[in-house]
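What follows is a single structure, written as structure tokens, with notes after it.
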Amino acid sequence: MIPEWGLLSLILALCLALMLSVMPLIGRYHDRRPWMQQATALVYGQLVFILLAFIALMWAFLSAAFCVDYVARRSPTSSPG
């Protein structure tokens with residue numbers, strides 16, 4: 001369930017990035033100051049969601065969640081020794 005939350009947070013970060021690329025420009029064009037000031041909040045929101053996705057990926061590696069294809073391909077299958 002944790003990897004799915006990581007994917008969801010990446011999708012939300014993408015949505016925030018799209019909003020970040022459009023809202024300040026439209027605000028500048030129409031001289032709407034609150035739209036331009038939303039850029040800071042959008043950047044912080046994007047940072048939070050990307051960090052959550054990174055934490056989910058680290059959890060998948062640490063718990064050896066082989067249901068995640070990236071983890072299954074890059075984790076050792078046998079223990080050392």
statement: (1) loosely packed, with under 11 Cβ neighbours inside 10 Å; (2) assigned to a helix (DSSP H, G or I) all hold for Thr77 apart from (2)
- prompt: Out of (1) assigned to a helix (DSSP H, G or I); (2) in contact with a helix residue (DSSP H, G or I) (Cβ under 9 Å, 6 or more places away or on another chain); (3) modelled with pLDDT under 95, what's the single condition that is false for Met58?
  reply: (2)
- prompt: Quick one: what pairs do we get from the range 1-24, first residue touching a residue at least 60 places away in the same chain (Cβ under 8 Å) and closer than 13 Å to Phe54 by Cα, second of a type outside the set (Phe, Trp, Tyr) and part of a helix (DSSP H, G or I), C-beta under 8 Å, 6+ apart or different chains?
  reply: Ile2/Ala56; Ile2/Ala60; Pro3/Ala56; Pro3/Leu57; Pro3/Ala60
task: Quickly run through the range 32-55 and pick out the residues that are closer than 13 Å to Trp5 by Cα and touching a helix residue (DSSP H, G or I) at 6+ places or on another chain (Cβ under 7 Å).
output: Phe49, Ile50, Leu52, Ala53
- line: Only one of Leu52, Leu47 is closer than 30 Å to Ser75 by Cβ and either in contact (Cβ under 8 Å) with a residue 40 or more places away in the chain or not in a helix (DSSP H, G or I) (or both), namely Leu52
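The values are calculated or read from the model by the stated rules, or taken from the named source; none is laboratory data. Note that the structure is a prediction, hence the values are computed from the model and not measured. Glycine gets a Cβ as well: all are built from the backbone with ideal geometry, and neighbour counts include every protein chain shown.
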